[in-house]
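The values are calculated or read from the model by the stated rules, or taken from the named source; none is laboratory data. Since the model is a prediction, treat every value here as computed from it, not as a measurement. Because the Cβ atoms are built from the backbone with ideal geometry, glycine has one as well, and the counts that use them run over all protein chains shown.
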Amino acid sequence: MEYYQPEIETASREELDKIQNERLRKIVKYVYDRVPLYRERMDEAGVKPEDVHGTEDLYKLPFTQKQDLRDTYPFGMFAVPMEDVERLHASSGTTGKQIVVGYTKNDLDTWGSMVARQLVAAGLTKKDKVHVAYGYGLFTGGLGIHEGARRLGCTSIPVSSGNTARQLAIMQDFGSDALACTPSYAMYLGESAQKAGIDTSKLPLRAGIFGAEPWTEEMRKSIEKSLNIKAYDIYGLTEIMGPGVAYECSAQKGMHVNEDHFIIEILDPETHKPVPDGQKGEIVFTCLTKEAFPLIRFRTKDIGTITHEKCSCGRTFVRMSKPMGRTDDMLIIRGVNVFPSQIETVLLQMEQSPNYQIIVDRQGVLDTLEVQVELTEEKFSDTVADISKFEKELTEKLKSLLGIAAKVTLVDPGTIARSEGKAKRVIDRRKLI
Ligand code: ADP
Ligand code: ZN
């Protein structure tokens, strides 16, 4: 069995606990001294850094969430001066939702080794060529995997996303050994390869490093078949680091969390108390070593489970399940974060009834987004030309706010089912979970 850093990846629970406790004490003091938001929240809660001795005291610390990052946009939660920040990244969130994160030189080094661990867990070595088809740019996917491939000593092929024909040509001509991209793009590449009559069993490609969005076991099987590879799941989020937070090993029974750098908690979303292994709850992360942007008890809104059971690969890091949904209503459509509330905002701005329904589906491998909007009686009595102008305007506004195109369907007043309880705004037919 190969590991990138065996001494830590297979360390005993006692050693890991010791590392986590030491680092937690240090980081709590660090953020208290450097980031006003933490100092204020901790003072309010009556917690001093010296009250936190180890993970058993985590519960005393206040939570952070995406809204805090928006409220302090762009750099209000940075813990170092900008001259020590070597790189900035931002979440793929659209207008008004974007958040910015920073990395010091050490943070980038750590990130590289976290990703190198997952590449090794996927069976790669420095002899391999890693084809990176995640987007390069502010999105953490491209440069994150790139950094890991560099760290491991692989040959990186920084293709970035898009231009499928070129991706396939490069895969064949350069002989990519591993492919890193979103699972939906991998599906699309697989299908396109088949259509183009490429015999993928003749290609060196043997591993896929896929994440950043939910995907199913069926998708895994289909990608593995069409590209003739073994597909590995990776989990990460911009706020915590980007790709490299957790990774699958050859056992493919959950993703090992890089516990020397992150603490994972699974909490009951109502009571905020930890739930036992195997039970679903909200995933909360604490960064133990980040310098520029260390988040403490960040509520990811992702729902998942963990297990401390021994893994056949020999790694001792706790394993998390695939996220099984979210506590908020965020949808990930074609890799873009979409909140129903954004659609509601547009409708209200245009003085329309907030009666709408979002229908997400998947045609072939591409997500589709349809917004059904109920016309007000007033609008309904407008001329056909006026209504079609309205439809066009709404389509444009939605596209500019969401960052992806939605098909707008106008329906007659009173036709969208009213609910007796919470309105059911979203119909997701993709069957991702
Ligand atoms: P971006 O959209 O820029 O990638 P985010 O940080 O907003 O960045 O995306 C992180 C979210 O993506 C996670 O909170 C989770 O919901 C989802 N995600 C990331 N990796 C996976 C994965 N392997 N499986 C399912 N969902 C994932
Ligand atoms: Zn394992």
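Within the span defined as region 66-77, every residue fails to be modelled with pLDDT of 95 or more, in a loop (DSSP other than H, G, I, E, B), of a type in the set (A, V, I, L, M) and more than 16 Å from ligand 1 (Cβ to nearest atom).
Given the criteria assigned to a loop (DSSP other than H, G, I, E, B), surrounded by 17 or more Cβ atoms within 10 Å (Cβ to Cβ) and touching a helix residue (DSSP H, G or I) at 6+ places or on another chain (Cβ under 6 Å), does residue 47 qualify? It would help to see each step written out before you state the result.
Working: assigned to a loop (DSSP other than H, G, I, E, B): yes; surrounded by 17 or more Cβ atoms within 10 Å (Cβ to Cβ): yes; touching a helix residue (DSSP H, G or I) at 6+ places or on another chain (Cβ under 6 Å): yes.
Judged against the criteria, residue 47 is a match.
Just one of the listed residues (359, 332) is closer than 25 Å to residue 431 by Cα, among the aliphatic types (A, V, I, L, M) and more than 16 Å from ligand 1 (Cβ to nearest atom), namely 359.
If you filter region 224-244 down to residues that are of a type in the set (A, V, I, L, M, F, W, C) and away from ligand 1 (no atom under 13 Å from the Cβ), you find that the one that is surrounded by the fewest Cβ atoms within 10 Å (Cβ to Cβ) is 229. In region 250-262, of all residues being farther than 13 Å from residue 306 by Cβ and in contact (Cβ under 8 Å) with a residue 24 or more places away in the chain, the one that is farthest from ligand 1 (Cβ to nearest atom) corresponds to 260.
Restricted to region 305-362, and to residues there that are more than 16 Å from ligand 2 (Cβ to nearest atom) and of a type in the set (D, E, K, R), the residue that is farthest from residue 4 (Cα to Cα) is 351. When residue 247 is tested against the conditions (1) more than 19 Å from residue 161 (Cα to Cα); (2) out of contact with any Asp or Glu (no Cβ under 6 Å at 6 or more places or on another chain); (3) more than 16 Å from ligand 1 (Cβ to nearest atom), the lone failure is (3). The number of residues in region 241-295 being hydrophobic (A, V, I, L, M, F, W, C), within 16 Å of ligand 2 (Cβ to nearest atom) and touching a Ser or Thr at 6+ places or on another chain (Cβ under 6 Å) comes to 1. The set of residues in region 223-240 being of a type in the set (D, E, K, R) and within 16 Å of ligand 2 (Cβ to nearest atom) consists of 230, 233.
Considering each of 164, 155 in turn, give the residue that is polar (S, T, N, Q), over 16 Å from the mean Cα position of the chain (by Cα) and closer than 22 Å to residue 366 by Cα.
Going through 164, 155 in turn, just one is polar (S, T, N, Q), over 16 Å from the mean Cα position of the chain (by Cα) and closer than 22 Å to residue 366 by Cα: 164.
Of the residues that make up region 310-318, is at least one touching a residue at least 60 places away in the same chain (Cβ under 8 Å), among the basic types (Lys, Arg) and either surrounded by fewer than 19 Cβ atoms within 10 Å (Cβ to Cβ) or under 20 Å from residue 118 (Cβ atoms) (or both)?
Of region 310-318, the ones touching a residue at least 60 places away in the same chain (Cβ under 8 Å) are 311-318.
After this cut, where a residue has to be among the basic types (Lys, Arg) as well, the list is 315.
Cutting the leftovers down to either surrounded by fewer than 19 Cβ atoms within 10 Å (Cβ to Cβ) or under 20 Å from residue 118 (Cβ atoms) (or both) gives us 315.
Looking for residues that are touching a residue at least 60 places away in the same chain (Cβ under 8 Å), among the basic types (Lys, Arg) and either surrounded by fewer than 19 Cβ atoms within 10 Å (Cβ to Cβ) or under 20 Å from residue 118 (Cβ atoms) (or both), one finds at least one in region 310-318, hence yes.
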